[in-house]
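Trainee: To start, I am sharing the structure in question, which I have written as structure tokens.
The values are calculated or read from the model by the stated rules, or taken from the named source; none is laboratory data. In this text the structure is predicted, and so the values were computed from the model without any measurement. Using ideal geometry, Cβ is built from the backbone for each residue, glycine included, and neighbour counts are taken over all protein chains shown.
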Amino acid sequence: MTNYLITGSNRGIGLEYCRQLKKRGHDVIATCRDSSPELDQLGVRVESGVDITSGASVVKLKEKLEGKCIDVLIQNAGIAEFNSLSNLDPESVIRQFEVNALSPLCLTHAFLGNMRMGSKVALMTSRMGSIEDNASGGSYGYRMSKVALCMVGKSLSIDLKSRGIAVAILHPGLVSTRMTGFTPNGITPEQSVNGLLSRIDLLTLENSGTFWHSNGEILPW
Ligand SMILES: NC(=O)c1ccc[n+]([C@@H]2O[C@H](COP(=O)([O-])OP(=O)(O)OC[C@H]3O[C@@H](n4cnc5c(N)ncnc54)[C@H](OP(=O)(O)O)[C@@H]3O)[C@@H](O)[C@H]2O)c1
């Protein structure tokens, strides 16, 4: 049995990760700020009260997981506040940077002691964090935060190699969740997580630090 810890598990892609991993028979620690009826009914271990930007709540979780091995740490929690140039809100940019980039780095650091040779870290970034792929501009805070998260992933892949920990930098596709206003143009969370779990399954120290679409395509920086 493999142990997975997932952030932002109460809805959307995080909830679907929990659902599919539970179905596969894995040990799931679902963290969230507040649980949901959908998460509660999965029968996985739920740790609520975990705001990834709060050092105190991360320390509390760390204490609860003392001695517990984490084989796969899935950093899924994120926010999107679409700031345009005409509607620039520096506080929103900083907020997105804190949630989407800085907190996943700090969380990885906090749980390094729970990981061992062969453990994996999966960072949920976005294609909107690709500079080369940016053909539409805008979304300053979100794009900046996800570029930064890609950089976090690349550096972690180098720094954690000697510990035997591999890092995946993942784009889920355009997914119909609350974040995207449940767009009818998106794939379902189920389709997305199917692909994402394939990427995580195939993650090794050799391909660590790659930026992947859930469909297996390697994305440009
Ligand atoms: N959907 C897409 O098309 C798409 C595309 C590219 C990348 N992504 C990325 O995929 C990830 C999941 O997205 P989603 O579509 O499932 O979004 P979502 O439905 O909006 O869910 C976001 C999750 O993040 C949690 N979260 C936000 N801030 C948090 C914090 N400070 N501490 C702990 N949890 C926090 C939310 O919890 P609350 O319920 O407490 O707010 C929620 O569980 C995100 O990182 C997102 O950027 C999504």
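Trainee: Looking at the stretch 137-172 only, could you name the residues that are small (Gly, Ala, Ser) and within 12 Å of the ligand (Cβ to nearest atom)?
Mentor: Residues of the stretch 137-172 that are small (Gly, Ala, Ser), as a first pass: 137-139, 141, 145, 148, 153, 155, 157, 162, 164, 166, 168.
Once the filter is applied, which keeps residues that are small (Gly, Ala, Ser) and within 12 Å of the ligand (Cβ to nearest atom), the stretch 137-172 yields Ser139, Gly141, Ser145.
Trainee: Next question. If you check Leu174 against the conditions, is it out of contact with any Leu (no Cβ under 9 Å at 6 or more places or on another chain), among the aliphatic types (A, V, I, L, M) and in contact (Cβ under 8 Å) with a residue 24 or more places away in the chain?
Mentor: So Leu174 fails the test.
Trainee: Looking only at residues that are closer than 11 Å to Ala77 by Cα and either aliphatic (A, V, I, L, M) or more than 16 Å from the chain's Cα centre (by Cα) (or both) in the stretch 31-61, which one is farthest from the ligand (Cβ to nearest atom)?
Mentor: Ranking the candidates gives Val50 first.
Trainee: Also, quick follow-up: Within the bounds of the stretch 104-114, is there any residue that is under 28 Å from Asp201 (Cβ atoms), within 15 Å of the ligand (Cβ to nearest atom), touching a residue at least 24 places away in the same chain (Cβ under 8 Å) and of a type in the set (S, T, N, Q)?
Mentor: yes
Trainee: For Ser35, only one of the following conditions fails: (1) touching a strand residue (DSSP E or B) at 6+ places or on another chain (Cβ under 6 Å); (2) hydroxyl-bearing (Ser, Thr, Tyr); (3) free of Cβ contacts under 8 Å to residues at least 12 places away in the same chain. What is its number?
Mentor: In the conditions (1) touching a strand residue (DSSP E or B) at 6+ places or on another chain (Cβ under 6 Å); (2) hydroxyl-bearing (Ser, Thr, Tyr); (3) free of Cβ contacts under 8 Å to residues at least 12 places away in the same chain, Ser35 misses (3) alone.
Trainee: So which residues in the stretch 1-30 are surrounded by fewer than 24 Cβ atoms within 10 Å (Cβ to Cβ), in a loop (DSSP other than H, G, I, E, B) and near the ligand (Cβ under 10 Å from one of its atoms), if there are any at all?
Mentor: Asn10, Arg11
Trainee: Restricting to the stretch 72-91, give me the number of residues that are away from the ligand (no atom under 13 Å from the Cβ) and in contact (Cβ under 8 Å) with a residue 40 or more places away in the chain.
Mentor: First pass over the stretch 72-91, keeping only residues away from the ligand (no atom under 13 Å from the Cβ): 72-73, 83-91.
In the following step, the residues that additionally are in contact (Cβ under 8 Å) with a residue 40 or more places away in the chain were identified as 72-73, 83-85, 88-89.
Summing the residues that are away from the ligand (no atom under 13 Å from the Cβ) and in contact (Cβ under 8 Å) with a residue 40 or more places away in the chain in the stretch 72-91 gives 7.
Trainee: Output the number of the condition that Arg95 fails; it satisfies all remaining conditions of (1) touching a Cys at 6+ places or on another chain (Cβ under 9 Å); (2) at negative phi; (3) within 15 Å of the ligand (Cβ to nearest atom).
Mentor: It is condition (1) that Arg95 fails.
Trainee: Condition first: aromatic (Phe, Trp, Tyr), crowded, with 19+ Cβ neighbours inside 10 Å and either within 30 Å of Glu91 (Cβ to Cβ) or more than 15 Å from the chain's Cα centre (by Cα) (or both). Can you find one or more residues in the stretch 201-221 that meet it? First the steps, then the outcome.
Mentor: We begin by selecting, within the stretch 201-221, every residue aromatic (Phe, Trp, Tyr); these are 211-212, 221.
Within this subset, residues satisfying the condition of being crowded, with 19+ Cβ neighbours inside 10 Å are 211-212.
After this cut, where a residue has to be either within 30 Å of Glu91 (Cβ to Cβ) or more than 15 Å from the chain's Cα centre (by Cα) (or both) as well, the list is 211.
Yes, the stretch 201-221 has at least one match.
Trainee: Something else about it: Please count how many residues of the stretch 58-104 are surrounded by 15 or more Cβ atoms within 10 Å (Cβ to Cβ) and modelled with pLDDT under 95.
Mentor: Number of matching residues: 1.
Trainee: Return the only residue of Ser155, Ser126, Ser130 being over 14 Å from Trp212 (Cα atoms) and either modelled with pLDDT of 95 or more or touching a helix residue (DSSP H, G or I) at 6+ places or on another chain (Cβ under 9 Å) (or both).
Mentor: Ser155
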